[in-house]
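Each value in this text was obtained by applying a stated rule to the coordinates, not by laboratory testing. Remember, predicted model here, so these are calculated numbers, not experimental data. Please note: Cβ atoms are built from the backbone with ideal geometry, for glycine as well, and neighbour counts cover all protein chains shown.
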Amino acid sequence: MFTLPLFPLRTVLFPGALLPLHIFESRYRELLAELAIRPTEERLFGLLPPGLDAELPEPGAVGTVARLRGIQQLADGRSNIVVSGERRFVFHSPAPAVTPYLQGTVEWFDDEPETRIPAEAEVLRLHALGERYALAQHALLDRALDVDLPRDPALLTFGIAAFLEWEFDALQRFLEMRSVSARVTRLLAALPTLVTSTEARAVAHNRARSNGHGSVV
C-alpha cells in the first residue's frame with residue numbers, strides 16, 4: 001500500500017485516456033501548485049468517486065492515477081489542466097496529512113489472471129467498431145479526424161470506454177471490471193447499436209451544418 005493525494009470527483013478517468021479538468025477550489029489549487037514543481041513522472045494524484053454522504057470516498061472505491069500533463073493558468077487563480085490516466089487503484093482509508101486536500105492509503109487494482117484470452121478476431125472487430133464510434137463522436141463535435149486506438153486488448157477496452165456516452169455509474173462499473181475478456185464481451189455487445197445511432201447522428205449533424213446543400217453556412 002502507499003499514500004496518494006486524492007481528488008474525489010464524479011468523473012471516470014480510464015487508463016491511457018486524456019481528460020480535461022477545471023480547477024477552482026483553493027485546496028486543489030494548492031495541490032496543483034505542489035504538483036507543478038515536481039518532475040513530470042511525480043505529478044500524480046488519484047481521481048476517484050466521492051462517497052455517498054460526503055466527499056470522503058468509500059473504502060473499496062476504485063479510481064485511476066492521473067498524471068498532470070498540461071496547465072493553463074487563468075488570471076483569477078483558476079486553472080484548466082489536462083491529465084492522462086495511468087494505473088487503477090483501490091482506496092482503503094484516509095491518510096494523515098497536513099494538506100487541505102485529501103490523501104489516502106491505496107493499493108494497485110489490476111486485472112486478474114485470465115481463464116480465457118480474447119480471440120484475435122474479437123479484438124480486431126472491437127478495434128474496428130471502436131474506430132467507427134470514435135470517428136462519429138469526433139464528427140459530432142466538429143473535431144479533426146485523429147483516432148489512434150491502442151492494439152493491446154486491455155488498453156483498447158479502456159480507450160474505447162473513454163468515448164462512451166454512458167452514465168457515470170455504468171462507466172465506473174466498467175472501470176472496476178478486472179477481466180479483459182469480460183470488457184471485450186461487454187463492448188462487443190454494446191457497440192453495434194451505439195455505432196449505428198452515433199453515425200446516424202453524425203450524418204444528420206453534418207447535413208444541418210451544410211444546410212442540405214453540401215457546404216457549411
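Under the rule of at least 5 residues apart or a separate chain, name every residue whose amide H is placed under 5 Å from the amide H of Ala61.
Phe91
What whole-number value in cubic angstrom gives the convex hull volume per residue for the C-alpha atoms of the range 74-118?
Hull volume over Cα atoms, normalised by residue count, gives 105 Å³.
Let me check I have the definition right: for the chain, take the eigenvalues of the Cα gyration tensor, multiply each by 5, take square roots. What are those semi-axes in whole Å, largest first?
One finds semi-axes of 33, 24, 14 Å for the chain.
Over 22 Å apart: what share of the alpha carbon pairs of the range 120-210 falls there, rounded to a whole percent?
Within the range 120-210, distances greater than 22 Å cover 26 percent of Cα pairs.
Less than 18 Å from a label point 7 Å out along the Cα-to-Cβ axis of Leu141: which backbone N atoms in the range 52-86 qualify, by residue?
67, 69-72, 80-86
Once you've got the GNM for the chain with C-alpha springs shorter than 10 Å, pick whichever of Val184, Val98, Val83 has the biggest mean-square fluctuation.
Val98
Using a Gaussian network model of the chain with C-alpha springs under 10 Å, which one of Leu171, Leu52, Leu35 is most mobile by mean-square fluctuation?
Largest GNM mean-square fluctuation: Leu52.
Among Leu149, Leu19, Leu140, which one moves the most in a GNM of the chain with springs linking Cα atoms closer than 10 Å?
Greatest mean-square fluctuation among the candidates belongs to Leu140.
Stick to Cα atoms and the Kirkwood definition of Rh, then tell me Rg/Rh for the range 2-108.
A ratio of 0.93.
R0 = 25 Å: FRET efficiency of Val98 with Ala54, Cβ-based, nearest 0.05?
Values: r = 20 Å, r/R0 = 0.81.
Given R0 = 25 Å and the Cβ-Cβ separation, E is 0.75.
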